[in-house]
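Bear in mind that the values in this text are calculations on the coordinates, not laboratory data. Worth saying up front: this structure is predicted, and the values here are computed from it rather than measured. Ideal geometry is used to build each Cβ from the backbone, glycine not excepted, and the neighbour counts take in all protein chains shown.
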Amino acid sequence: MPRASSKIARRIGGKGAALASYSHTFQSERHVFPDLRALLAEASPRRSGDELAGLAAPSQVRRVAARMALADLPLKTFLTELLIPYESDEVTRLIVDSHDAAAFAPLAAMTVGGFRDFLLDDAADSATLARIAPGLTPEMAAAVSKLMTNGDLVAVAAKARVVTAFRTTIGLEGRLASRLQPNHPTDDIAAIAAATLDGLAFGMGDAVIGVNPATDNIETTVRILDMIDGLRQRLHMPAQSCVLSHVTTTIAAIEKGAPVDLVFQSIAGTQAANAGFGVTLALLREAREAALSLKRGTIGANVMYFETGQGAALSADAHHGVDQQTVEARAYAVARAFSPLLVNTVVGFIGPEYLYDAKEITRAGLEDHFCAKLLGAPMGVDVCYTNHAEADQDDMDGLALLLANAGVNFLIAVPGADDIMLNYQSLSHHDILRLRHLLKLRPAPEFEAWLQDMALMDDAGRIPAPPWSALRNLLSVERDA
């Protein structure tokens, strides 16, 4: 953003600023929304988190009035009325200071409703969406999503391509990558190795082989990294690994010479919420530089992996009165600033206090994917739920099918769809394999070639019952590990 525009945003969004109010007359009743935060919150589809925070529209009539007022709002309003003050929040400063005015120029005269029409038009192709991404703020993306149906979110996201690379290329059209997640409740190395080989036999792992450690310490992190990297080298496998320890643990592992491919961190959309995760933007920059210094990528240098999820800021009382979907979109501004290989929302993981049932989980998953891709973040999704939510595996099948049609970069695969360490339900290897077969999607090209070389995939992209020679190769590595 040009210096003058930044000064305007700082002044209007600063402490003590007088913010505009918004209104719309619907069915002979005038509905007034005291500020932009309230307008966005009441325009949001119903969800339990906003109701918990006291931000949701009290009726469907009020929600419709808010959406109509939002549709008439000039898109450029988000450049001058900040939801969280510039002076007190480093995520807001990042959003303002990195805004690309030239990329925004073609949209400057649009309303939020006009922007929706623009996105749904055939002229808004992949190249166009890539050009405007640096000119969009998270609040713009969140606002327009509130005016869209689930089908709209799928249709637009399917046109948005965000391609990244490390040892495999993620995000190409016609591809569906997967994170292989071989977690174990005691970090047992042999069990993690067995679950990894099980996933590889189903063609999983082209996005990342990523382990959530039960114990976050340097010794465990290094031990798991050494095992997975040993498998990768013995199998000559084009894949990247990640142990999802805290970023400070991973930095320490790098200093000890561990084979770190990707640096992981959970992030959120406000400075206060990120402080709850124990991170700052400066710490993330330090971690990225440390990973880049290793030069381990063979075809690319995207070295960061971020996880997000609606409700994270609210659960930390760090949402500043902003609805949970909008504050979630702000996390994607953090993510894109670090050129990550992967980002994913753990859409139903936080629980029914924030997304009550399958309808809310489905909507949130589509919103998160849409907003992230629109902003230029390489989005995947953990299609998941906890057992106390009003959802089941059939609901996850439905969301996964929608996301695969929306061009999601990757999905997460857990043995049997049941994570025995984190105690939640996700997708199984079979589920992602079914999506690939049904929609004629392939793994990442480098990984696909390796699968074929290992006789784990045929020329039609099918995963046959592996021949004994392929199984023998995998199992010999497991015994040696």
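Structural remarks
- Normalised contact order of the stretch 198-336, rounded percent, pairs of Cα under 8 Å and 6 or more residues apart: 22
- The helix-only estimate of mean residue ellipticity at 222 nm for the chain, built from DSSP H runs of length n ≥ 4 each weighted as -39500 (n - 2.57), is -13500 deg cm²/dmol after division by the residue total.
- Spacing of the two label points (7 Å from each Cα toward its C-beta) at residue 317 and residue 108, in nm: 4.3
- With each label modelled as a point 7 angstrom along the Cα→C-beta vector, the residue 277-residue 295 pair spans 3.0 nm.
- Principal semi-axes in Å for the stretch 3-157 [√(5λ), Cα gyration tensor, largest first]: 24, 22, 14
- Within the chain, longest stretch free of exposed GluC sites (Glu not before Pro) [DSSP loop, at most 12 other beta carbons within 10 Å]: 174-481
- Value of D in µm² per second that Stokes-Einstein yields for the stretch 138-233, Kirkwood Rh from Cα pairs, at 4 °C (1.567 mPa s): 81
- DSSP-assigned coil residues among trypsin sites (Lys or Arg not before Pro) in the stretch 45-123, each with at most 15 further Cβ atoms within 10 Å: 46
- Taking every C-alpha pair closer than 8 Å and separated by at least 6 residues, the mean separation divided by the residue count of the chain gives a relative contact order of 18 percent.
- Fully extending the segment from residue 59 to residue 459 would add 138.6 nm, taking 0.36 nm per residue of separation and subtracting the current Cα-Cα distance.
- Per DSSP, loop chymotrypsin sites (Phe, Trp or Tyr not before Pro) in the stretch 114-199 with at most 16 further Cβ within 10 Å: none
- Bridging of residue 256 to aspartates and glutamates at a Cα separation below 18 Å is possible for 216, 219, 226, 229, 286, 289, once same-chain residues fewer than 8 apart are set aside.
- Pairwise Cα distances in the chain exceed 43 Å in 13 percent of cases.
- Given charges at beta-carbon only (K, R positive; D, E negative), |dipole| of the stretch 346-428 in Debye: 380
- Euclidean distance of C-alpha centroids, the stretch 417-451 and the stretch 217-249, integer Å: 20
- Partners for residue 159 among aspartates and glutamates (Cα-Cα distance below 18 Å; same-chain residues under 8 apart left out): 117, 121, 122, 125, 173, 367, 368
- Scanning the chain for DSSP H helices at least 24 Å long along the axis (C-alpha atoms) with a Kyte-Doolittle mean no lower than -0.5 picks out 218-235, 358-375.
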